[in-house]
Amino acid sequence: MATSLQPDQDASPPVVLSGSPTEPKKHRDPDGWRSRLYRLDLKATPYVYVAPFFLVFAAFGLFPLVYTGWLSLQKVELGGEAEWRGFDNYLRLWDSDFFWNALANTFTIGLISTVPQLLMALGLAHLLNYRIRGRGFYRVAVLAPYATSIAAAALVFAQLFNTDYGLINQLLGYVGIDAVNWETEKWPAQIAISTIVTWRWTGYNALIYLAAMQAVPNDLYEAAALDGASRFRQFISITIPSIKPTILFTIVVSTIGATQLFGEPLIFGGSLGIGGGSGNQYQTLSLLMYEKGWITGALGQASAIAWVMLLLLLLIGLVQHLLGRSGRGKKKDGAARS
Amino acid sequence: MTHALNRPAPAHGRPPAPRKRFGTKAGRQHHAGPFTYVLLGFAALISLFPLYWNLVAASHTGERVVQAPSPLLPGKELFNNLSIAWNQVDMGEALINTTIVAGAVACSTVLFATLAGFAFAKLEFKGRNVLLTIVVATMTVPPQLSVIPLYQLITEFGWVNQLQSVILPSLVAAFGVFFMRQYLLEALPVELIEAARVDGAHSLRIIWHVVFPVARPAMAVLGMLIFVQAWNDFFWPFIALTPDGSPTLQVALAGLGSGNHSINHAIVLTGALIATLPLLAVFAVLGKHIVGGITSGAVKS
C-alpha cells in the first residue's frame with residue numbers, strides 16, 4: 001500500500017486516484033474532503049442501511065396505526081366525511097353482543113389451536129431429534145403444510161369436514177360415532193377451524209424447537225443418564241427447561257397469529273364466512289372488523305375494533321413478559337452474557 | 001418479549017461451529033426405535049394427506065366429490081378441471097400476479113433486511129439498541145391496525161386492484177431484519193470488515209464484496225421464507241384486490257369458494273391445487289435448504 005510515513009489518520013483512505021498528483025494537496029489539507037467524506041460515510045451509512053425499514057414502517061405501519069386510532073374516535077362512513085364522536089365507538093362495542101361474541105370466539109379458537117399445536121410440535125421435535133433414517137423426508141413432510149396457503153387449506157378442510165359427505169364424518173362413522181355437525185354447531189365448527197391452523201403450523205414450530213434442542217449440550221444428558229433418569233424424565237427435566245426461551249418465542253408468535261385469525265374462518269364458512277357462520281359461531285374479531293368496515297361501511301367502528309386488538313396484544317405481551325421473567329431468575333447469571 | 005428474542009442461546013451451547021447441523025455429531029442423539037418411526041410416519045401422513053386428497057378431488061367431477069364415500073384415488077377429470085378452472089377465474093393471470101408480488105416482495109425484503117441486519121449486527125451507531133428494539137416490537141403490530149387508512153390511501157390514489165397496493169407495504173419485514181442480524185452476528189467476522197476498510201474500501205464496496213458473499217446462504221433462506229409468505233398472504237390482498245379485478249391466487253380462490261350454492265367443488269379444489277402446486281414444487285426441490293434455514297441458528301431463541 002501507499003505511504004505509511006504520515007502519522008496515519010486512521011480514517012484517511014489510501015490514495016487511489018490514478019495519476020493525479022494528490023500529494024501536495026494532502027499536506028495542505030490533511031483533513032480534506034476525501035477523509036471527511038470517508039468519515040461521513042462511516043457515520044452515516046448505518047442510518048442509510050436501516051432507513052428503508054423505518055421509512056416503510058412509518059408510511060405503512062406507524063402512520064396508519066395512529067390514524068386508525070384517530071378514526072376510532074369518529075363516525076366515518078366508507079368514502080364519507082368524519083364526524084367527531086369521542087369514545088362513542090368503544091362504548092358501542094362494549095354494549096354490542098357481536099363484539100363480545102367475537103372476542104370470546106377469538107379467545108377460544110386461539111386456545112384450541114395454539115395449545116395442541118405447540119404441544120404436538122414439542123413432541124414432534126423430540127422425535128425428529130432422534131437419529132432416524134430418512135430424516136430429510138420427515139422434516140420436509142411435516143413442513144409441507146406451511147407451504148400451503150390459508151385459502152387452499154381452508155377449502156380442502158371445508159370439504160373434509162363437510163357434514164354430509166366429508167371424509168372425517170365417514171371415518172368417525174367407521175368407529176361408530178354419529179356424524180358431527182362441523183359447520184353449524186359452535187364447538188365442532190371452532191374445532192374444525194382450529195384444525196386448519198394447527199395443521200398448517202405444527203411442523204413449522206417443530207422445526208424451530210428442533211433447532212433449539214440441537215443446541216442443548218450433550219453432557220447434561222449424559223450426566224442425567226448416569227443418574228438413572230429415563231428418556232422421558234430427561235425430556236421433561238432437561239430439554240424443556242433448556243429451550244424455554246424458544247418456547248416462549250413460539251407462544252408469543254402463535255398468540256399474535258391467533259388474535260388476527262381471519263382467512264381460515266372466512267373461507268371455511270363459504271358464503272356465510274364473513275359473518276362467521278350461520279349464528280356467528282366462529283366470527284373472530286378480524287372478521288367482525290371486516291364486516292363493520294367493508295360490509296356495513298362503519299369505518300369508525302372497525303377502527304375501534306382494530307385498536308381493541310392492539311390493546312389485547314399489548315396485554316398478552318405484558319403477561320408473557322412477566323411470566324418469562326419470573327421463570328428465568330436463576331439461570332440468568334449463567335446465560336446473560338453472550 | 002424482546003428479551004425472549006434477544007437472548008442468546010445458552011452460552012455453552014454456541015461456540016464451536018455452525019457445522020454440526022447435519023448428522024455429523026454422533027453424541028447424544030439416540031437411535032430411534034420402531035415406535036418413533038410409527039409416530040413420525042403418522043405425522044407425515046397427516047401432513048401430506050390433505051395435499052394428496054386435494055389432488056384426488058381435483059381429478060373427479062363436481063358430483064363425485066360431494067358423494068358420500070369420498071374418492072380416495074385419483075380420477076380422470078384432472079385436465080378437464082384444470083382447463084375449466086383456468087378459464088373460469090383466469091387463474092393464469094392470478095398466477096402471474098402472485099409471482100410478481102411474491103418475487104418483488106422477496107427481493108426487496110432480502111436486500112433491505114440484509115443492509116439493516118448488517119448495520120444492527122456489525123456497525124456502531126447512536127441509538128442502535130433503541131432502533132433494534134423498535135424493529136422487534138413492530139412485529140407485534142397486527143395488520144388489522146393499518147388496513148383502514150391504507151384502504152383509504154389506495155382509494156385516493158386509484159390503486160384498488162393494482163398490484164403495487166399489495167407490494168409497497170411489504171417492501172421490508174421486521175422478521176427479515178432480525179433474521180439477518182442474528183445470522184451476521186456470528187457469520188461475519190469484524191476483522192473482515194476492518195481489513196476491507198484498511199484497504200480503502202468504501203461502504204458500498206464492503207457491502208458488495210464482503211457482506212453479500214458472507215450473507216448469501218441466509219439471504220437465500222430468507223428469500224424463500226418471504227416468498228412463501230407473500231405467496232400465501234391473504235388479509236390485505238383480500239381487501240386491496242377484488243376477485244373481479246386483478247387478484248392474487250389467494251383472493252381468486254376466496255372468490256371461487258364463496259359464491260352461491262351451485263359451486264362446483266371439484267373446480268374450486270382444482271383452483272386450490274393450482275395455488276399450491278408451484279410452492280410444493282419449490283419445496284420438493286429446495287425443501288432441505290428451507291428446513292436447514294429454519295433449523296439453523298438464525299431463527300432459534
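The values are calculated or read from the model by the stated rules, or taken from the named source; none is laboratory data. Just so you know, these numbers come straight off a predicted model, no measurement behind them. No Cβ is skipped: glycine too gets one built from the backbone with ideal geometry, and neighbour counts run over all protein chains shown. Protein only, heavy atoms only, side chains kept; ligands, DNA and RNA dropped before computing areas. Shrake-Rupley method; radii C 1.70, N 1.55, O 1.52, S 1.80 Å.
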- request: Extending each Cα 7 Å along its Cβ direction at A:Ser271 and B:Phe79, get the distance between those two points in nm, one decimal.
  value: 3.4
task: Calculate the length of the line joining the C-alpha centroid of segment A:56-135 to that of segment B:195-249, in whole Å.
output: 26
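Once you sort the root eigenvalues of the Cα gyration tensor of chain B as a ≥ b ≥ c, which label holds: rounded (a/c under 1.5), prolate (a/b larger than b/c) or oblate (the other case)? Please list the in-between numbers first.
On the way: a/c = 2.47, a/b = 1.43, b/c = 1.72.
It is oblate, given that a/c is not under 1.5 and a/b is not larger than b/c.
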- request: Report, to the nearest 10°, how far helix A:150-160 tilts away from the longest principal axis of the Cα atoms in chain A, using its own Cα long axis and a range of 0 to 90°.
  value: 20
task: Search the structure for amide H atoms under 5 Å from the amide H of A:Gln74, placed 1.01 Å from N in the peptide plane, and list their residues when 5 or more places away or on another chain.
output: A:Arg85
- request: Read phi for every residue in segment A:135-140 and hand back ³J(HN,Hα) as whole Hz from Karplus 6.51 cos²θ - 1.76 cosθ + 1.60, θ = phi - 60°, with x for Gly and Pro.
  value: 4, x, 4, 5, 5, 5
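Nearest 500 deg cm²/dmol is fine: what mean residue ellipticity at 222 nm does chain A get from its DSSP H runs of n ≥ 4 alone, each adding -39,500 (n - 2.57), divided by its residue count?
Estimated from H runs of four or more residues: -19500 deg cm²/dmol.
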- request: Compute the acute angle (0 to 90°) between the alpha-carbon long axis of helix A:299-328 and the principal axis of greatest extent of the alpha-carbon atoms of chain A; round to the nearest 10°.
  value: 70
task: Quick one: what are the phi-derived ³J(HN,Hα) couplings along segment B:213-220, Karplus 6.51/-1.76/1.60 with θ = phi - 60°, whole Hz, x for glycine and proline?
output: x, 5, 7, 3, x, 5, 4, 5
- line: Which residues qualify? For A:Arg131, with a placed amide H closer than 5 Å and at least 5 residues away or on another chain, they are B:His30, B:His31, B:Ala32
message: What does the extension gain come out to for B:Thr99 and B:Gln164, with contour length at 0.36 nm per residue minus their alpha carbon separation?
response: 22.1 nm
message: What does the C-alpha gyration tensor say about the overall shape of chain A? Classify as rounded when a/c is under 1.5, otherwise prolate if a/b is larger than b/c, or oblate.
response: oblate
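Between A:Leu323 and A:Val48, how high is the FRET efficiency from 1/(1 + (r/R0)^6) when r is the Cβ-Cβ distance and R₀ = 30 Å? Nearest 0.05. Let's see the in-between values first.
On the way: r = 39 Å, r/R0 = 1.30.
Rounded to the nearest 0.05, the efficiency is 0.15.
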- request: May I ask you to derive the relative contact order of segment A:207-338, considering only C-alpha pairs under 8 Å and at least 6 residues apart, and to give it as an integer percent?
  value: 16
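Can you pull the mean other chain C-beta count within 10 Å for peptide A:57-63? Walk me through the numbers on the way to the answer.
Working: counts 9, 0, 6, 11, 9, 5, 4.
Mean inter-chain Cβ contacts per residue within 10 Å come to 6.
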- line: In segment A:140-176, the residues losing 50 Å² or more of accessible area (1.4 Å probe, heavy atoms of protein chains only) relative to their chain alone are A:Val140, A:Leu143, A:Tyr146, A:Ala147, A:Ser149, A:Leu155, A:Val156, A:Gln159, A:Tyr165, A:Leu167
query: With each label point set 7 Å from Cα along the Cα-Cβ vector, what nm distance links A:Val115 and B:Phe157?
result: 4.4
- line: Along segment A:162-168, Karplus-curve 3J(HN,Hα) (6.51, -1.76, 1.60; θ = phi - 60°) to the nearest Hz, with x for Gly and Pro, reads 4, 5, 8, 10, x, 5, 5
- prompt: Quick one: if you stick a label point 7 Å off each Cα along the C-beta vector at A:Arg39 and B:Asp244, how many nm between them?
  reply: 6.4
- request: On a C-alpha basis, how far is the centre of segment B:136-153 from the centre of segment A:165-208 in Å? Whole number, if you could?
  value: 31
task: Kindly express, to the nearest 10 degrees and within the range 0 to 90, the angle between helix B:265-295's C-alpha long axis and the longest C-alpha principal axis of chain B.
output: 20
query: If we sort A:162-174, B:105-117, A:114-126 on the protection proxy, mean other Cβ atoms within 10 Å, highest first, what's the order?
result: B:105-117, A:114-126, A:162-174
query: For A:Val175 and A:Ser96 in the same chain, what is the full-extension length gain: residue separation times 0.36 nm, less their Cα-Cα distance, in nm?
result: 24.2 nm
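Taking all protein chains in place and a 1.4 Å probe, what share, in percent, of the accessible surface of segment A:76-190 do carbon and sulfur account for?
Working: 3540 of 5510 Å².
Within segment A:76-190, the accessible surface is 64 percent carbon and sulfur.
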query: Counting alpha carbon pairs within less than 8 Å and at least 6 residues apart, what relative contact order, in whole percent, applies to chain A?
result: 23
